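No value in this document is a laboratory result; all are computed from the given coordinates. Predicted model only: the values in this text are computed from it and were never measured. Don't worry about glycine lacking a Cβ; one is built from the backbone with ideal geometry, like all the others, and counts go over all protein chains shown.
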Amino acid sequence: MKTPHCDRVAREGVLFKNAFTSNPKCSTRRATILNGRNRWELKEAVSHNGLFPEGFEVYPDLLERAGDTVGLTRKG
């Protein structure tokens with residue numbers, strides 16, 4: 001699989017030893033991680049069905065446009 005940007009992050013990235021989330025629930029926490037916004041900014045993206053309304057870019061889409069191969073396993 002071709003993942004040059006993820007490979008670069010692994011080589012040159014930063015290790016977080018003390019990180020926090022704005023929401024302790026699983027689906028809503030993933031939503032905040034995927035696009036870097038706070039949960040109160042994400043409308044229905046913070047519901048447990050994991051749907052993002054139009055207008056919210058997510059990290060995997062940015063990687064794919066930059067040339068990485070992006071896949072989906074289990075949760076969408």
Could you please let me know if residue 27 is in contact with a Gly (Cβ under 8 Å, 6 or more places away or on another chain) and of a type in the set (Ser, Thr, Tyr)?
yes
Filtered residues of the range 1-12 (kept if out of contact with any Asp or Glu (no Cβ under 8 Å at 6 or more places or on another chain), exposed (fewer than 10 other Cβ atoms within 10 Å of the Cβ) and not aliphatic (A, V, I, L, M)):
11, 12
Here are 42, 72: which of them is touching a helix residue (DSSP H, G or I) at 6+ places or on another chain (Cβ under 9 Å), surrounded by 13 or more Cβ atoms within 10 Å (Cβ to Cβ) and among the aliphatic types (A, V, I, L, M)?
42
Restricting the range 49-60 to residues that are part of a loop (DSSP other than H, G, I, E, B) and in contact with a helix residue (DSSP H, G or I) (Cβ under 7 Å, 6 or more places away or on another chain), the residue that is nearest to residue 71 (Cα to Cα):
58
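When the range 1-48 is examined, which residues are found to be part of a helix (DSSP H, G or I) and either small (Gly, Ala, Ser) or touching a residue at least 60 places away in the same chain (Cβ under 8 Å) (or both)?
Answer for the range 1-48, where residues must be part of a helix (DSSP H, G or I) and either small (Gly, Ala, Ser) or touching a residue at least 60 places away in the same chain (Cβ under 8 Å) (or both): 4, 5, 6, 10, 27, 31, 45.
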